[in-house]
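What follows draws every value from the coordinates through simple rules; no lab data is involved. In this text the structure is predicted, and so the values were computed from the model without any measurement. Reconstructed Cβ throughout: ideal geometry from the backbone, glycine too, with neighbour counts over all protein chains shown.
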Amino acid sequence: MSRRIEILALVLGDALATAAALAVVVGGEPAWNWLPAVAGTRFVTGALLVVSWLLLFAFSGLYAERYARGRLDELGTLAKVVVFGCLALLFGLVVDQLEARELRVAIGGYALAQFVAVGSARMVVRAVQRALVVRGYGRHRAVVVGWSDRVETLYHDLARYPAANIEIVGAVRLTAPTSVPVLAEAGYDDLEDAPVHISARFPGGDALPAGAIEVTAAGAPRAAVAELPGLIDRLRVQDVIIALGTEDHDTLDEVLRVCDGKPVTLKLVPDFYAAVGGMARTEHTYGLPLIEVLPEPMPAWERRTKRIVDAVVSALVLVVGAPVWLALAGLVRATSPGPAIFRQTRVGRHGKPFTMLKFRTMVDDAERHTGPVWAEHGDKRITPVGRWLRKLRLDEIPQMWNVLVGQMSLVGPRPERPYFVEQLVDRIPLYSRRHRVQPGVTGLAQVKWRYDTDLDDVRQKLKYDLFYIETMSLGLDAKILFRTVRTALAGEGQ
């Protein structure tokens, strides 16, 4: 089933199951009378309670894609959410409605009924979903990267587990460098200069699926791996499965580099666990062991809390401070020719471009004669008002609109221009990993390091960005925001 139908089925099943559980518990013992009336009727209370449960499920990640997760794992998460929700209900609505003994029985019975009803509904949805997957519907589209024999072995392994929900639609097949003499005779001194072959059909008869796209480069892993981003885009790939040997560290690094910033999950055949260390987590796809590399850095509830905080804070800043921001816009226009708001294309999450807003702090069309360049200390293009805005970090205020619409977050790696991203990706390893998360108005690199003026500054800030991505949490965000506000009030911006 498609992702949209899956979510619709889960939401509908959860709503009906929650309503049924509530009806059974309240109707089963009306003498308890523990559900307060809203607007003169308990029907409204029940409807609000159902909506509250759905929001709690969404907040807890129960509607997130649970690819390769077992049903027991889902039931375990559901049990925790039900316990939390019932405790919130206990202290928020019914703690004064019943005697202590009746209260324990009522809430305990409701928690059990809620868990059984919602859990049963979800198991029905998952059973239907698995039956459809076995028949070939809604599978994840995957590309395999590995040596020729491993690609074929992995395909046969996956074929034995149709419920694994993986469909191989392409491969980057690396062939052993046995053809070095042949390549030398053809005039290729360096294996990385060897030709890359792209085929619209796997060779080898019925061994691998017809119609898939394969990239091969005899003895030249880097050249073949370089074609991987194109395959991901053309084939709408969701997973990249890596089947390399324990000695192929350089090839693995190259795969990680070219896939950084792409909206795909990276999974290793277990041989490479020692090479990736703490950046991986092991999962079992219906009996087939795989290792996920660079998993989602924050749990679902923290991601949703972060987004709620972003939306609330950005809206408050824009609305409450509107008179001040309008006055600043007028000041920028009055003191320097050109628009008050500066618009510039930046690279966001998963490498998607967006238009970032700022109060203009430089003369209009400042890069007309130079092309894209980094700002320098004491840059003469900065206007007097712009210098003051930068010191107080007020030039970033219009980005609250980018935060409000979901293009940015309050905290995250600062977004860079496409012109510089294209250069930095090639010159700095792991630079694209910054695109795994939403870019931010401020970030750890901004409170720890100065503005970018050269490549060394970029390298230093990348260290902070990567540290933030691997350890991001709501607590770390709060510390960074506090440091940013302190920097702005002290006028230490640049």
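Please report the net charge: other residues with Cβ closer than 12 Å to the Cβ of LEU404, K and R +1, D and E -1.
Numbers: positive: ARG307; negative: ASP310.
Its environment carries a net charge of 0.
By the gyration tensor of its Cα atoms, with a ≥ b ≥ c the square roots of the eigenvalues, what is the shape of the stretch 300-489: rounded for a/c under 1.5, prolate for a/b over b/c, or oblate?
Values: a/c = 1.69, a/b = 1.14, b/c = 1.49.
Oblate shape, in that a/c is at least 1.5 and b/c is the bigger or equal ratio.
Using Cβ counts within 10 Å as a stand-in for footprinting exposure, how do TYR161, TYR431, TYR155, TYR137 rank, fewest first?
TYR137, TYR161, TYR155, TYR431
Using a 10 Å cut-off on Cβ atoms, rank the peptides 16-24, 433-441 from the highest mean neighbour count down.
My ranking of the peptides, most packed first, is 433-441, 16-24.
Under 5 Å between amide hydrogens, which residues at least 5 positions from LEU268 or on another chain qualify, with H placed 1.01 Å from N in the peptide plane?
Under 5 Å from the amide H of LEU268: ILE242, ILE291, GLU292, VAL293.
Given Cβ point charges of +1 (Lys, Arg) and -1 (Asp, Glu) and nothing else, what value in debye, to the nearest 20, does the dipole of the stretch 300-489 about its Cα centre take? Intermediate values should be presented prior to the final figure.
Working: 32 positive and 19 negative charges, 75 e Å.
My answer is approximately 360 debye.
Ordered by residue, what ³J(HN,Hα) values in Hz, to whole numbers, does the stretch 463-475 give under the Karplus form 6.51 cos²θ - 1.76 cosθ + 1.60, where θ = phi - 60° and Gly and Pro are x?
So the Karplus estimates, Gly and Pro as x, are 4, 5, 4, 5, 4, 4, 4, 6, 10, 4, 7, 5, x Hz.
For the cross-link pairs LYS380/LYS479; LYS80/LYS352; LYS80/LYS306, which exceed 29 Å when the distance is taken from alpha carbon to alpha carbon?
LYS380/LYS479; LYS80/LYS352, as the Cα separations exceed 29 Å there.
Which order do the peptides 355-362, 335-342 come out in when sorted by mean C-beta neighbours inside 10 angstrom, highest first?
The densest-packed peptide leads the list: 355-362, 335-342.
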